[in-house]
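The next block holds one structure in the form of structure tokens; read it before the comments.
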């Protein structure tokens, strides 16, 4: 095995790190932390609980981003020191210490490569709404009960991914299927850049397996659709006149809970001009469910407006406006095991960790693929 050229690798890492610092604009991050710290110290901050939570959450994540950048620079410096120590031990004739220190440096090099790769991906999230929190909706499509079961598997996959990263989630609506699984579910992921990160999951997912619901043990192909929306903010100005919506109330359905099937607390809102329908049944009161459903409706109208603007631009440019998200990933459990992204070609041979939320490599590949497409079409 060829020896690793550690000085050359460190030089490459330092160049990557400096590029990330420049794109991340460390001075701007420090200014943002100072501004948010001042807002968080205001005595009347918690008079508006929702705004206070937004300020403190943004402050926490911005501080973490800044600390991560600065810590990464220190790690590059420490790696360089390790290599110098190995060289000194080699010069002094202490081959054992030199070899041990060099091995430690190579392990740290591998860790730094991965960590810088993650930071670099974050710099690619520069879209209009990429820094927003996300609303993820999973729907069963073709495939009957297998599709409903698959949709529930995908929902758990995203919840586990968020849990692994320490992101707070809020299941806003769940429509259960009759035999197993779900017809649809919407979950909010409360973390900065959740939309930019998860938006590459949008599209049709396909599962191939021996159906656990088929008495003859036949292989079944089923499909589930994933929609990812940015959470709306006060600056979006999405006005929805009461005359443009129809509000229907009904009893919540699904497993357990004291409020289930006892009151007409679930809310369904139909946006009459567009035909968009949203619902929420996971809150305890009708008012809370209506407010949550309106937030989802605002998010869908926000994305619809953006898509209409983009369609106008594409028409002017003569661009292909086909959806890139359809048929985006296959999960094969039989006759072999594999999960493969059909856009990026990224694949793994073990689906179990993927369904348990280990999807960061797929997300990173998708973000890089999307940025490359944007550069080509620009």
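The values are calculated or read from the model by the stated rules, or taken from the named source; none is laboratory data. As the structure is a computational prediction, the values presented were derived from the model and not from experiment. For neighbour counting, all protein chains shown are included, and Cβ atoms are generated from backbone atoms with ideal geometry for every residue, glycine included.
See the values below:
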| item | result |
| --- | --- |
| Residue 368 closer than 16 Å to residue 205 by Cα, at pLDDT below 95 and buried (at least 16 other Cβ atoms within 10 Å of the Cβ) | no |
| Some residue of the stretch 46-55 being closer than 26 Å to residue 123 by Cβ and in contact with a helix residue (DSSP H, G or I) (Cβ under 7 Å, 6 or more places away or on another chain) | yes |
| Residue within the stretch 141-155 that is assigned by TED's automatic domain parsing to the domain that holds residue 367 and in a strand (DSSP E or B) present | no |
| Condition check for residue 179: out of contact with any strand residue (DSSP E or B) (no Cβ under 9 Å at 6 or more places or on another chain) and either without any contact (Cβ under 8 Å) to a residue 60 or more places away in the chain or crowded, with 23+ Cβ neighbours inside 10 Å (or both) | yes |
| Condition met for residue 31 (within 23 Å of the chain's Cα centre (by Cα) and surrounded by fewer than 17 Cβ atoms within 10 Å (Cβ to Cβ)) | no |
| Residue within the stretch 209-225 that is in a helix (DSSP H, G or I) and buried (at least 20 other Cβ atoms within 10 Å of the Cβ) present | no |
| Residue among 80, 92, 84 that alone is crowded, with 16+ Cβ neighbours inside 10 Å, farther than 26 Å from residue 361 by Cβ and modelled with pLDDT of 90 or more | 80 |
| Out of 102, 75, 122, sole residue that is out of contact with any helix residue (DSSP H, G or I) (no Cβ under 7 Å at 6 or more places or on another chain) and in a helix (DSSP H, G or I) | 122 |
| Residue satisfying all of: in the stretch 36-59; surrounded by 14 or more Cβ atoms within 10 Å (Cβ to Cβ) and over 26 Å from the mean Cα position of the chain (by Cα); farthest from residue 114 (Cα to Cα) among these | 45 |
| Meets criteria (loosely packed, with under 15 Cβ neighbours inside 10 Å, assigned to a strand (DSSP E or B), under 19 Å from the mean Cα position of the chain (by Cα) and touching a residue at least 12 places away in the same chain (Cβ under 8 Å)) for residue 163 | no |
| Which listed residue, of 105, 114, is over 12 Å from the mean Cα position of the chain (by Cα) and buried (at least 19 other Cβ atoms within 10 Å of the Cβ) | 105 |
| One residue from 287, 316, 302 being in a helix (DSSP H, G or I), farther than 22 Å from residue 202 by Cβ and either at pLDDT below 80 or in contact with a helix residue (DSSP H, G or I) (Cβ under 6 Å, 6 or more places away or on another chain) (or both) | 316 |
| Only listed residue being within 25 Å of the chain's Cα centre (by Cα) and under 30 Å from residue 190 (Cα atoms), chosen from 71, 75 | 71 |
| Selected residue (only one of 171, 189 is buried (at least 17 other Cβ atoms within 10 Å of the Cβ) and either without any contact (Cβ under 8 Å) to a residue 40 or more places away in the chain or within 23 Å of residue 304 (Cα to Cα) (or both)) | 189 |
